[in-house]
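Below: one structure, written as structure tokens.
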Amino acid sequence: MAMMAYDERRILEMLREDEISRRRAFESIVNNFSEQLYWQIRHMVLSHEDANDILQNTFIKAWTNIDSFMGYSRISTWLYRIAVNETLTFLNRQRTTVPLETDEEGELSVADRLESDPYFDGDLTERQLQEAIATLPDKQRLVFNMKYFNEMKYEEISEALGTSVGALKASFHIAVKKIEEYFNNID
Amino acid sequence: MEKEKKYKLEEHQPHRPFSVPEGYFDNLTQNIMAALPEQEQLYSTHIKVTPWMRIRPYLYAAAAFTGIFFCIKAALMISSSNDNVQMAQAEETTIYTDEYIDSFLETAMIDDYTLYYSLVETAN
């Protein structure tokens, strides 16, 4: 069966219909958002396997809670919120269960992970950039990745994170300053 | 100052240093859809209809009607028992023998009109 084109209004209608229609509508949602959500998650957790697991969980949660979503917000906002929550929960769990053999800033941990990751193909500067980003608090890191790598507009990030545009701009500005400082200190 | 000139983020093009297994995005939608639980399973965990759930509304309705019936019945019983008390009291006050009334009238020195008048006034 051919994939239906993404039409949010039609999808919302279909989600209220029978099981087959709901599944088709959801397939269209997955097709439209899975890649951008994957990259959002991947930049936060770094490993492909972890990102893939979190992405699967995000869509399973969305599917099983589809009734509670109806008409709540835009589909993208709803999915981003679930993905962000799943990612932050994963990172918190990882911090409490995996002992970090690192210095205070977690540099070695990130470096180790990226070096052993077959799906990281950046050069030294790009690895250092990832290390610098890893020193940021989670929320700041989210904002930075959404803006810098995923090239989202502040308005879109604002909807997804429920934070004002002004606060996001300030957060991004601080993140950039910290990253530049990090690079200037390692030279 | 020289150090600050060394690295400016805006001077670098954002580049994603990550890759994915070959064909990952081509099959991503299919893989995600395959991992979703069936709707039947969703219903079976969330809205499993048991025989008890089916008869429950009828039982509740029957219980409600029974309750209403007993309430009405109790209200009627209370009201009829009140009537009995009033009737009993009324009987106690109205049972007078004719002899008693005659002797009363004789000793009271009262004519028929005055008697009638006093009875009407008392009644009002």
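The values are calculated or read from the model by the stated rules, or taken from the named source; none is laboratory data. Everything quoted here is computed from the prediction, not taken from an experiment. Cβ placement follows ideal geometry from the backbone for every residue including glycine, while neighbour counts extend to all protein chains displayed.
Criterion first (in a loop (DSSP other than H, G, I, E, B) and either free of Cβ contacts under 8 Å to residues at least 24 places away in the same chain or surrounded by 20 or more Cβ atoms within 10 Å (Cβ to Cβ) (or both)) does A:ALA5 satisfy it? Walk me through how you get there before you give the answer.
On the way: in a loop (DSSP other than H, G, I, E, B): yes; either free of Cβ contacts under 8 Å to residues at least 24 places away in the same chain or surrounded by 20 or more Cβ atoms within 10 Å (Cβ to Cβ) (or both): yes.
Yes, satisfied.
Among the residues making up the range A:1-43, a single one is of a type in the set (D, E, K, R), touching a Phe, Trp or Tyr at 6+ places or on another chain (Cβ under 7 Å) and under 16 Å from A:SER76 (Cβ atoms): A:GLU35. Residue pairs whose Cβ atoms lie under 9 Å apart, sitting 6 or more positions apart in sequence or on different chains, and linking a residue in the range A:140-164 that is free of Cβ contacts under 8 Å to residues at least 60 places away in the same chain and more than 19 Å from B:HIS12 (Cα to Cα) to a partner that is among the basic types (Lys, Arg) and surrounded by fewer than 18 Cβ atoms within 10 Å (Cβ to Cβ), are A:GLN140/A:LYS178; A:TYR154/A:LYS169; A:THR163/A:LYS139.
When the range A:57-94 is filtered for residues that are part of a helix (DSSP H, G or I), surrounded by fewer than 12 Cβ atoms within 10 Å (Cβ to Cβ) and away from every other protein chain (no Cβ under 14 Å), the ones remaining, listed by number, are A:ASN92, A:ARG93.
Residues that are within 16 Å of the chain's Cα centre (by Cα) and among the β-branched types (Val, Ile, Thr) within the range B:51-79 comprise B:THR66, B:ILE68, listed in sequence order. The one condition from (1) modelled with pLDDT under 70; (2) assigned to a helix (DSSP H, G or I) that B:TYR96 does not meet is (2).
Taking helices (runs of 4 or more DSSP H) as the structural unit, those lying wholly within the range B:1-52 and holding at least 1 residues that are at pLDDT below 75 and either under 25 Å from A:ASN32 (Cβ atoms) or more than 9 Å from chain A (Cβ to nearest Cβ) (or both) correspond to B:2-6, B:39-46. Among the residues of the range A:5-39, just one is away from chain B (no Cβ under 12 Å) and β-branched (Val, Ile, Thr), namely A:ILE11.
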